[in-house]
1. Expressed as a rounded percentage, what relative contact order does the stretch 218-357 have, with Cα pairs under 8 Å and six or more residues apart?
2. Please report the antiparallel percentage of DSSP beta bridges with both residues in the stretch 40-192, rounded to the nearest 5.
3. Determine ³J(HN,Hα), in whole Hz, for all residues of the stretch 36-50 in sequence, where each value follows from phi through the Karplus function 6.51 cos²θ - 1.76 cosθ + 1.60 and θ = phi - 60°; x replaces Gly and Pro.
4. Take the alpha-carbon centre of the stretch 23-44, take the same for the stretch 75-129, and report the distance between them in whole Å.
5. How about the stretch 271-301: which GluC sites (Glu not before Pro) there lie in a loop by DSSP and see at most 13 other Cβ atoms within 10 Å?
6. Would you mind computing, in nm to one decimal, how far apart the modelled labels at Thr24 and Tyr268 are, each placed 7 Å from Cα along Cα→Cβ?
7. For the stretch 159-225, what's the relative contact order in percent, using C-alpha pairs closer than 8 Å and at least 6 residues apart?
8. Rounded to the nearest angstrom and ordered from largest down, what semi-axes does the equivalent ellipsoid of the stretch 140-184 get from its C-alpha gyration tensor (root of 5λ)?
Amino acid sequence: MKKKIPSKAWFPKIKPIAYEGAGTDNPLAFRHYNPDELFDGKSMADHLRFSIAYWHTFRGAGLDPFGGATICRPWDAGRDPVDVALRRMDAAFEFFTKIRAPFWCFHDRDIAPEGTSLKESNKILDRVVAHAKSLQKSTGVKLLWGTANLFSNPRYMCGAGTNPDAHVFAYAAAQVKKALEVTQELGGENYVFWGGREGYESLLNTNMKRELDHLAALLRMAVDYAKQIGFGGQFLIEPKPKEPTKHQYDFDVASGVAFLKTYGLEDYFKFNIETNHATLAGHTFQHEIEVAAAHGMLGSIDANSGDLLLGWDTDQFNTDVRELTLAMVSILKAGGLGTGGFNFDAKIRRTSIDIDDLFHAHVGGMDAYALAFKKARTILTEGKFEKHVAARYSSFDSGFGADIENGKVGFKELEKIAFKLGEPKPVSAKQEMLENLLARYIDG
Ligand code: XLS
Ligand code: NI
Ligand code: NI
């Protein structure tokens with residue numbers, strides 16, 4: 001990655017964050033994330049592919065349902081929203097460079113304001129995208145994924161692809177078309193669908209089957225259009241069980257897999273798994289990763305965490321090394337994220353109003369993932385858990401166990417075996433022993 005920083009400095013007091021090692025007490029240095037360090041001949045930066053989420057880091061103003069903006073940024077001052085958007089983009093690329101993130105992600109409406117018509121919105125978007133393209137070129141920062149915001153504007157209050165009004169569906173389709181084009185223009189490696197309002201509030205006014213068919217139609221059109229324009233990025237579905245709607249159709253990875261397979265779309269999509277969405281669905285982060293990996297559909301990660309005491313998507317920076325190590329073990333075992341990466345879909349709290357809070361937040365998040373990455377590699381190299389799991393299932397490696405897996409036996413054959421062998425002998429699952437072993441890796 002080139003290190004050139006855009007000329008006007010929006011963060012004049014902050015130097016590019018350096019790796020200083022675990023012993024440093026400099027709060028704005030990396031203790032574990034050493035982007036250039038090689039692991040299996042590949043740099044840590046290339047293994048982790050960290051990405052900054054434009055909507056939180058450059059559009060987050062600290063609003064909550066009880067109060068307005070608390071966070072006010074110098075680049076947001078100005079009358080002309082397009083000028084502000086261009087200036088904000090400069091600030092963003094200075095941030096990406098100084099925090100040493102190789103990627104960024106955006107929604108169309110985060111980076112450019114809407115005009116008074118779709119045509120005008122597209123024109124404004126083109127201007128901002130041209131600016132982003134030149135900043136990508138001068139800094140070397142790349143686009144991990146793009147997406148369309150199909151949830152904020154009131155036209156989408158009853159959904160986009162699942163809206164009961166075909167006119168809204170058409171508008172959403174046109175917006176996705178344009179978002180795909182600009183993602184391609186910026187060399188985006190993936191394209192995400194998070195169905196913010198693709199769900200329902202009440203079944204009294206909802207035809208669920210038609211909504212599901214329509215959502216699949218929208219995805220099918222995206223796949224077809226990508227082929228037409230030669231967009232080679234990976235499509236990703238980002239599941240979330242609720243919020244903003246009461247029930248969202250892409251509830252979790254398992255329901256997403258079923259949906260994609262039902263509509264014959266499984267070859268074109270993988271999953272973008274967000275930690276806080278996993279926990280809202282009543283799963284662990286690692287569970288969602290394992291489900292996606294089991295189907296060969298692990299795509300990318302929206303890196304954040306929730307709060308055990310709050311029942312909504314708090315999108316916090318994750319510094320829980322235990323949770324992240326477990327996730328990282330599953331990701332590495334699955335062969336990594338391919339074109340995906342770790343995108344910080346996370347926001348600072350509304351009380352963290354200083355500009356350097358943005359840096360503290362990302363430094364902590366990046367360090368936690370980097371440490372988890374190293375611990376997971378040690379765990380996998382030593383292979384103790386894998387050895388235990390392999391032994392636990394070894395009765396299926398040969399004999400009638402292998403015949404069960406290969407479909408060579410049925411009830412009759414197994415009945416004979418059960419009569420002959422008598423009562424099976426219970427075997428301990430050794431959970432506490434393994435938890436203690438994990439604790440040793442986490443502490444050490
Ligand atoms: C919201 C989602 C959203 C997606 C992109 O909860 O996480 O930010 O990542 O539309
Ligand atoms: Ni997300
Ligand atoms: Ni989210």
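1. Computed over the stretch 218-357, the figure is 20 percent.
2. Numbers: 1 of 11 bridges.
Once the DSSP bridges in the stretch 40-192 are tallied, antiparallel ones form about 10 percent.
3. With the stated coefficients, the stretch 36-50 comes to 8, 5, 8, 10, 6, x, 10, 5, 4, 4, 6, 6, 8, 6, 5 Hz.
4. 30 Å
5. On the way: sites: Glu274, Glu288, Glu290; in loops: none.
Sites meeting the loop and neighbour criteria: none at all.
6. Modelled inter-label distance: 4.5 nm.
7. On the way: 38 pairs, mean separation 32.7, N = 67.
Relative CO of the stretch 159-225 lands at 49 percent.
8. Numbers: eigenvalues 119, 23, 8 Å².
Semi-axes from the Cα gyration tensor: 24, 11, 6 Å.
The values are calculated or read from the model by the stated rules, or taken from the named source; none is laboratory data. Source: prediction; values computed, not measured. Ideal geometry is used to build each Cβ from the backbone, glycine not excepted, and the neighbour counts take in all protein chains shown. Only protein heavy atoms, including side chains, enter the accessible area calculation; ligands, DNA and RNA are left aside. Shrake-Rupley method; radii C 1.70, N 1.55, O 1.52, S 1.80 Å.
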